Every structure is written in C-alpha cells, then in structure tokens.
Amino acid sequence: MKIDIMSLDLSELTEFMTSIGEKAFRAKQLYDWMHVKHVPLSEMSNISDKLKGILDEKCYFATPEEIKVQESRIDGTRKYLFKFADGNMVETVWMKYHHGNSVCISSQVGCRMGCSFCASTLDGLERNLTASEMLGQIYKVSNLTGERVSNIVVMGSGEPMDNYDNVVRFVRLVSDPGGLNISQRNITVSTCGLVPMMKKLADEKLQITLALSLHAVTDEKRREIMPIAKSYTISQLMDACSYYFDRTGRRITFEYSLIRGVNDTEPDAEGLIKLAGGVGAHVNLIPVNPVTERGYKESTREAVMAFKNKLEKKRINVTIRREMGRDIDGACGQLRRRYID
C-alpha cells in the first residue's frame, strides 16, 4: 500500500525521507511544495528526478480531480464535485464573504448518521476521507480560484466526529505555521452530537469552534429527525458542551435548521432559549435547504425573523446563516447524488 504522504506532519515526513536514504532537509522542501505551493510532484523543481521516481512509486498524493462546478448567479458561490483516485466523489463549497474566503469541506464520502433533512446520508457511508483528502479539497479550490482561503468549515458531507482521528490530524496540518497556517480560531468543525467524541475533542485543547447540529429542543422531536438522538439525550449533549467550553474556553455554536411546522414554533424557541442560555451558546439559525427526497420545507421568512426576535429578546446571541448558493444544489450531497444518478 502506498504511503499517504500529504497526511504526514513534518517530523513524520522527515523520518520517512531519512528511511529512504534522503537528507533530512529534503522533508522541509517537500512539505513546502505540498502544503504551501500546492503543486504536483512533476513541478517540484528542487526535487531530483530520482527522488521523484521513488516518491511516485511509494507515495499517494491526494490531489482531487474537478468533475463538475456550479457557480451561483446570486452570490458567486461555487460548489465543486471532486473525484479521488479510487473514483469516490465529494462536494466542496467556496464562498466569498466581506471578511474573507470560506471553504466548506466534506469529511466522509456519504454519511451514516441518517439525519432526515440531509441529502448526504441518503445512500449511506462509503468511506472516511484521510487528512490529506480534506487538505486536497482546500488546495484544489485555492488553485482553481487563485485566492487564499481564510476560513474553513468542516460541515459538508459526512460526520466529522465519526472520522475523528483524520479530522484532528487535518486540523493540526492545516493550522501548521509551516503549511497553510490558517488560525484554528478560523476553523469550525460540526457534529450531530457524538458525545464521547465531543469530550475527546475538548481534551485535544484545540482552538477551533465546535458547532453542534441541534435542530430540536426535545429528545422526542430530535429522535424523529436525527437518529443519533436515540443514543445521546439532549441532557448529555449539554453536558458535553459545558465540558468543551470548560476545557477550551471556546464557545459552542448551535446549528438549528428551521423546518416549517416541525421545529419553528414558539415552544421550540422557548426551549432553545433555555438550552443556549444554559451553556452560553451562539445560535446559528438555518432556513433548511429543501431536499426533494425528504419533503421538508423551509420556514417562511416571517417565521424565521419571529424566531430570531424571540431569542434576541432573551439576550441569546443569534445569527441567521446567509443563504449561499441556493440556486446550485445548495444542500449537502445534492450535487454528488444527482451526478451519480
């Protein structure tokens, strides 16, 4: 099996280079080509042809191929469909904001969490992505757009905490000062609520933002739309949120997709006020992306604003996620699924 060289940190890469008879400084040169300049092996000018041949034989470079791109006529958001060497495909989204460029990456091919409002999970989980394959999405987008990425959201297809080790390795690599050097405070990782992994992540003491996909304020309703709720109660989730804040000092974000007639009522708002207030969470309201296979509809604009106002009156910090790329298969998994179909 080939070595996944882009997933190695500098010390691991140095050890590998010396193991094949190369000088240690070659590791830094190679690391710079892969993680700063983002060029293929053939274009690494200070790497000898002999070493290139060895690396080509022994190593896997996770550079995805662009299969399709959709660009929003509304806001310029681009959704890319990328294919890896084994033929598996993932979606990656590039979004321009006034504060910089954000990339939303996938952490798995498909997903096994089964959330009822999400297209990513309709065909189940194919496999986890490696750290290098997550990095590869960012590097490819940066090369295609010619612009630097300043913010990363691990909130595309897949459940990041279901691919824990690779996601943590990715965060450390992408924030490495010797690589892309993106501040961990500009990285958001989402989870549907795998409590043990949330607590394990807290113990890593990273400075990322953890976003909990909450979407309901009672266990009964949450079990209806999110199967993971059968394993972990809201009380357990809040305990994990408090633990995360205590260990990292980083405030949790609650992601809350508003579904018309399902979770956008006054009692829902009152329940969310209690939960968010109890752990000092920021609430991000998301008008749900319509998914044909699911039958859910987004809440009306009036309902969204009324919901937001209720939270603000109780001094809950709340934002409404700006709707990016709604005209280009905006929901996670839609583009991949339609392409496959």
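The values are calculated or read from the model by the stated rules, or taken from the named source; none is laboratory data. None of these values were measured; they are calculated from a predicted model. In this analysis, Cβ positions are derived from the backbone assuming ideal geometry, glycine residues included, and neighbour counts consider all displayed protein chains.
Just to be sure, is Ile273 surrounded by 14 or more Cβ atoms within 10 Å (Cβ to Cβ), touching a residue at least 40 places away in the same chain (Cβ under 8 Å) and in the same structural domain as Thr121 (by TED's automatic domain parsing)? Answer is yes for this residue.
Within segment 23-41, the presence of at least one residue that is surrounded by 21 or more Cβ atoms within 10 Å (Cβ to Cβ) and among the aromatic types (Phe, Trp, Tyr) is confirmed. For segment 220-240, a residue qualifies if it is of a type outside the set (A, V, I, L, M, F, W, C) and either under 20 Å from Arg112 (Cα atoms) or assigned to a loop (DSSP other than H, G, I, E, B) (or both), and the qualifying residues are Lys221, Arg222, Arg223, Glu224, Pro227, Lys230, Ser231, Tyr232, Thr233. Checked against (1) surrounded by fewer than 19 Cβ atoms within 10 Å (Cβ to Cβ); (2) at negative phi; (3) at pLDDT 75 or above, Gly280 passes all but condition (2). Reported count of residues in segment 57-91, each being in contact (Cβ under 8 Å) with a residue 60 or more places away in the chain, within 15 Å of Gly156 (Cα to Cα) and assigned to a strand (DSSP E or B), is 7.
Quick one: which of Met305, Met324 is under 25 Å from Gly280 (Cα atoms) and either modelled with pLDDT of 60 or more or not in a helix (DSSP H, G or I) (or both)? After ruling out the rest, the residue left standing is Met305. Only one of the listed residues (Tyr256, Tyr244) is within 23 Å of the chain's Cα centre (by Cα), of a type outside the set (D, E, K, R), modelled with pLDDT of 95 or more and not in a helix (DSSP H, G or I). That residue is Tyr256. Scan segment 18-44 for residues that are farther than 23 Å from Asn181 by Cα and either outside any helix (DSSP H, G or I) or in contact with a Lys or Arg (Cβ under 8 Å, 6 or more places away or on another chain) (or both) and jot them down. Matches in segment 18-44: Ile20, Gly21, Glu22, Lys23, Ser42. crowded, with 16+ Cβ neighbours inside 10 Å, at pLDDT below 90 and assigned to a helix (DSSP H, G or I): is that true of Arg336 in this structure? Taking the combined requirement at face value, the residue satisfies it.
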